[in-house]
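Below: one structure, written as structure tokens.
The values are calculated or read from the model by the stated rules, or taken from the named source; none is laboratory data. Quick caveat, the model's predicted, so the values are computed rather than measured. Cβ placement follows ideal geometry from the backbone for every residue including glycine, while neighbour counts extend to all protein chains displayed. Only protein heavy atoms, including side chains, enter the accessible area calculation; ligands, DNA and RNA are left aside. Shrake-Rupley method; radii C 1.70, N 1.55, O 1.52, S 1.80 Å.
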Amino acid sequence: MPRATLESLLIAGLMASGTAAAEPMSLEDPRPRWVYVAFEASPPNQPGRLDAVYGPELPAWLEPEAPGRLRVTVARGVVERYLMAAYDPRPGSFDDFVWVFDVRSGHVVSARLRGTIRRILDWGLFKSTAETDIRVDLDTLGPAGFARPKRLLGQLLFDFCDGTEPDRCTLVPIVAYVPDVGYVNAVGKLHARSKGLRVETFAPLGEAIFSEAPPPSAPQLRTASGDLGR
């Protein structure tokens, strides 16, 4: 069965069960299983806006990572078709979006994503479309924020900063996983490279709500996930 069809079945199967009564994801339960994740989706020009607008609940696979840690994986196909759809991703370029949680503290040890998007660059006399390789590195272990906005080749950018220069840096609150509500806010850098240009901006992809998926859907959907690019 084509990968796209399997992805559609996976998402439709989870969402068909409804999420109105979904419980927050439990870090104390190490059983491999499906969970949901909904990412905060405020506009890119508002990197400091928190807990306002969320995208659809997407399926992710939870499993033990190491003693005291859990790994939650959003499959690459789901990343491209839903999470990064507005950024014109190059098909097949993205890795899985992998989150690693410390069970005891709820801290995000790491959350990493890599892929290629296509952007329109404004050179003044002309415009061109260029592929931009991006890498996102997030956690809840250290400070991160954004500097005043600037424009580069038609793109609005918020440079990454860590608070060492407080007069030019707006720090974004770090929130380790809150078990009662499933909320987390991991912060960090987005590394971008295009046509010889390299920038490091604040990464807005670390704010999310995790919840449990209905158990009846899990076994058959786990089988289907083997072809989702994991």
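Determine, from the Cβ-Cβ distance of Val98 and Arg148 and an R0 of 41 Å, the FRET efficiency 1/(1 + (r/R0)^6), rounded to the nearest 0.05.
Working: r = 32 Å, r/R0 = 0.77.
My answer for the efficiency is 0.80.
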* For a label point 7 Å along the Cα-to-beta-carbon line of Arg135, residues of the stretch 84-107 with backbone N under 14 Å -> 95
* Asked: If you count, for each residue, the other Cβ atoms within 10 Å and average over each peptide, how do 29-41, 165-177, 184-196 line up from highest to lowest?
  -> 184-196, 29-41, 165-177
* Rounded to a whole number, what % of the accessible area of the stretch 75-115 do carbon and sulfur atoms account for, probe 1.4 Å? -> 44 percent
* Structure fact -> Amide H neighbours of Glu207 at under 5 Å, excluding residues fewer than 5 places away on the same chain, with H built from the backbone geometry, are Glu40, Ala186
* Structure fact -> Excluding ligands, DNA and RNA, the carbon-plus-sulfur percentage of the accessible area of the stretch 129-183 with a 1.4 Å probe reads 53 percent
